[in-house]
Structure formats: structure tokens, C-alpha cells
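Let me begin by presenting the structure, written as C-alpha cells, before commenting on it.
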Amino acid sequence: MKYTRYDMKRKKNNSLAFVVVFLSTLVFAVVIGTVISKLFFNNNLKEVIPKSEDKITDAAKKEDKKKVVRYIVVQCGVFGKNENAESVKKNLSVYGNAFTVLDEKGTRVLLGIYKEEQGLKTMKILSEKSIDNSKITFEINILNNNACDEQVAAIIDAELDVLTSLADSNTKSIDTKELKKWCSLEIKEVDKKSTNINVLNELKAHISTLPDELGKDKASECYIFLYNILKKLTEK
């Protein structure tokens, strides 16, 4: 009897080859499909849908950039009688060059005008000494790097630096020649249509008329001038 001989090993090899070819073809098709999809569909979508980053950038460009400069006036009471105000003012002389301003509420006794950080420190010192105090806050809002307002703030800062130094009990006077020179040479012309151009010109004129040696007796005048300037800037 003859037997038909089957090569079982060969059949297994053929089946395995078929599976490998089939899987390779499938993977190749998926890869090609993905590439085509990215090339054609994604490009079209990019044209239709703007990037989220672009939206954020555009929004940022449109939004006004604002810088806020704050000043603190340290107040130590408001009095109906001027003699009471003068008494408090005299008692404050060990802490600085106090001054008074008169308005519809009475006579305000003010120890000084300070940049925000220094003002808060001064208030803390007074509170530790059990001296009643409060603050009046003035803000200058500088929009989009407005050159006029930046120069207004720069001049106020510079004069306050001088007045703060003058408040030291050991300081009798301050040389202002450098301040006057800086103001005349470094403060440039700005757009004459700027909202606060008149305030800027007032400040420049004020600095130019300061004595070369500013004594404590003139500190009150300077403070009162700056107080009124800050009111003008914030009451608009």
C-alpha cells in the first residue's frame, strides 16, 4: 500500500509567511493613510482654524498696558481749629517735616508724601508709637508707556527722594543743583497734546525755581505743591 506523504512543516511555513505579509501590508497601509491625512487634511484645517496662540497674541496687542504708580500721604488728623492742628504738627517734628493743608473738612495735618513702600513703613513706625495716622493714596495710571505721564512720575519721585532725605533730623539742607540739572537736561519734550502736559510743565518750572540749597523751612512749600499736583492728576 502506498502512502501519500504530506510535508506538514512546509505548510506551516507558508501559513506563517502569509500572516507576516498580511500584517506588513496592513501596517504599511495605516502609515500611508496617516501621512496623507496629515499632509492634506491638517493643512486645510490650519487655514480654516487659527492657532490659539495667535488669538492670545492678538488679544494681548489690543489690551492696554497699564502701569500704576502709587503715592501715600500720611495723615495724622483733621482739625476744625487751626491751633489744634499746629500743636499736632509740632509734635510730629521728630518724625519728619509735617505740613498742613486746608480744605472743606478742616485743616489736615500731614507728615509727608511718600512712595508707596516708604509710606507704609512710616505709618508702621507711627502706629508703634501709638500716634494716630491714616493714609491718602494717590495713583498715576500710565497707559501704554505714555511719555508725558512717565516723566511726571519721574519728577515727583526725584523731588520726594530729596524731601525724604531732608526729613532726617541730622540733615539741615539738601543740594538741589543736580536735581535741577537732571530735570532741565534729561526730561525731554513730549507731545504737546498729552493729557497731563500742563502738569508736566508746572513740575519742570517748580524744580527750576528751587533754591540751590533746600532747607527744612522750605519743605512744607514743596510738599503742599506736590500734594496739589497729585490732586490734579487724580481728580480728572
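The values are calculated or read from the model by the stated rules, or taken from the named source; none is laboratory data. Computed from a prediction, not measured in an experiment: that's the story for all the values here. Quick reminder, even Gly has a Cβ in these numbers, built from the backbone with ideal geometry, and neighbours come from all protein chains shown. Just so you know, the surface numbers come from the protein's heavy atoms only, side chains and all, with ligands and any DNA or RNA stripped out. Shrake-Rupley method; radii C 1.70, N 1.55, O 1.52, S 1.80 Å.
The numbered conditions (1) at pLDDT 90 or above; (2) farther than 21 Å from Lys115 by Cβ are all true for Lys236 except (1).
Here are some residues: Val73, Val78. Which one is at pLDDT 95 or above, open to solvent by less than 90 Å² (accessible area, probe 1.4 Å) and within 30 Å of Cys148 (Cβ to Cβ)? Give the derivation first.
Working: Val78 fails: within 30 Å of Cys148 (Cβ to Cβ).
One residue alone meets the criteria, Val73.
Here Ala153 clears all of (1) free of Cβ contacts under 8 Å to residues at least 24 places away in the same chain; (2) closer than 26 Å to Asn97 by Cα; (3) aliphatic (A, V, I, L, M) except the condition numbered (1). If I ask for residues that are without any contact (Cβ under 8 Å) to a residue 40 or more places away in the chain, within 17 Å of Asn146 (Cβ to Cβ) and among the basic types (Lys, Arg), which ones from region 189-228 would you list? Residues satisfying the conditions are Lys192, Lys193. Ser169 satisfies every condition listed in (1) modelled with pLDDT under 95; (2) more than 30 Å from the chain's Cα centre (by Cα); (3) under 21 Å from Lys231 (Cα atoms) except (3).
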